[in-house]
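Below: the structure, in structure tokens.
The values are calculated or read from the model by the stated rules, or taken from the named source; none is laboratory data. These numbers were taken from a predicted model, which means no experiment stands behind them. Cβ placement follows ideal geometry from the backbone for every residue including glycine, while neighbour counts extend to all protein chains displayed.
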């Protein structure tokens, strides 16, 4: 899977080997810098995508303030261009940079990934971040995990669907154990029903309430305007 795994460079057994990954990452930044410099006007989508890539590379280099800056620049460009997957990834870069607006960035990533028909694995990855950020006893984790399952049911197909159904089932099971010590299927089914996690008409508004709390009412875009441009 593309978004639900952390890519790490392994095999650096001594100091000499450890230098190589850093050099490779620095070389990628330099290459992307040249590509960015060569872009003309009207290339906002390409520029945003390169900035997102730089953001993730900078995270690997633990240069978090720089990654935060790249993420914000990419987000502005992607939002204007309505390049939603890139905008979500830009929010993810900001979130992983662990700066003061990390949780707000995650909330925006989740909203966009649920609202727009992007790659369902990307949506699941953002919702899993929200699960991980939520205290085990809080209902928000259950809501996020259940929405992830719903997204997979609605959007995923083929092998991706099988993989994501397995992942989201495990995630929801883990949340149930942390939330209510649920460890049997019959009890799990009762828990899902009691929590109303199988009713999207109630589940999605509950997620919206969670996100409103996370951003403290300060959204980076006009949600009503974006909804008005959604296809019927």
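Select from the stretch 190-222 the residues that are out of contact with any helix residue (DSSP H, G or I) (no Cβ under 6 Å at 6 or more places or on another chain) and farther than 30 Å from residue 76 by Cα and write down the one among them that is surrounded by the fewest Cβ atoms within 10 Å (Cβ to Cβ).
Across the stretch 190-222, the extreme among qualifying residues is 201.
Given the conditions (1) modelled with pLDDT of 95 or more; (2) buried (at least 16 other Cβ atoms within 10 Å of the Cβ), which single one is not true for residue 3?
It fails just one condition, (1).
Select the helices (runs of 4 or more DSSP H) contained entirely in the stretch 116-221, then report the ones holding at least 1 residues which are modelled with pLDDT of 95 or more. Break it down into steps so the answer makes sense when it comes.
Values: elements: 120-133, 139-155, 158-180, 185-194, 200-215.
So the answer is 120-133, 139-155, 158-180, 200-215.
Can you find even one residue in the stretch 130-138 that is within 28 Å of residue 229 (Cα to Cα) and buried (at least 21 other Cβ atoms within 10 Å of the Cβ)?
Step one: list which residues in the stretch 130-138 are within 28 Å of residue 229 (Cα to Cα), which gives 130.
Cutting the leftovers down to buried (at least 21 other Cβ atoms within 10 Å of the Cβ) gives us 130.
Yes, that holds for at least one residue.
Residue under question is residue 94, and the condition is that it be in a helix (DSSP H, G or I), under 21 Å from residue 160 (Cα atoms), touching a helix residue (DSSP H, G or I) at 6+ places or on another chain (Cβ under 8 Å) and in contact (Cβ under 8 Å) with a residue 12 or more places away in the chain; does it hold? Let's see the steps before the verdict.
On the way: in a helix (DSSP H, G or I): yes; under 21 Å from residue 160 (Cα atoms): no; touching a helix residue (DSSP H, G or I) at 6+ places or on another chain (Cβ under 8 Å): yes; in contact (Cβ under 8 Å) with a residue 12 or more places away in the chain: yes.
Considered against the rule, which asks whether it is in a helix (DSSP H, G or I), under 21 Å from residue 160 (Cα atoms), touching a helix residue (DSSP H, G or I) at 6+ places or on another chain (Cβ under 8 Å) and in contact (Cβ under 8 Å) with a residue 12 or more places away in the chain, residue 94 comes out as no.
List every residue pair whose Cβ atoms sit under 8 Å apart, with the two residues 6 or more apart in sequence or on different chains, where the first one lies in the stretch 11-34 and is under 18 Å from residue 56 (Cα atoms) and the second, anywhere, is modelled with pLDDT under 90.
The qualifying pairs are 20/12; 21/9; 21/12; 24/9.
Here are some residues: 187, 152, 147, 175. Which one is free of Cβ contacts under 8 Å to residues at least 40 places away in the same chain and either touching a helix residue (DSSP H, G or I) at 6+ places or on another chain (Cβ under 6 Å) or under 19 Å from residue 112 (Cβ atoms) (or both)?
Working: 187 fails: either touching a helix residue (DSSP H, G or I) at 6+ places or on another chain (Cβ under 6 Å) or under 19 Å from residue 112 (Cβ atoms) (or both); 147 fails: free of Cβ contacts under 8 Å to residues at least 40 places away in the same chain; 175 fails: free of Cβ contacts under 8 Å to residues at least 40 places away in the same chain.
Unique residue meeting the criteria: 152.
Looking at the stretch 116-133 only, could you name the residues that are closer than 17 Å to residue 214 by Cα and in contact (Cβ under 8 Å) with a residue 40 or more places away in the chain? Reasoning before the result, please.
Quick first cut of the stretch 116-133, residues closer than 17 Å to residue 214 by Cα only: 126-133.
Correct list: 128, 130, 131.
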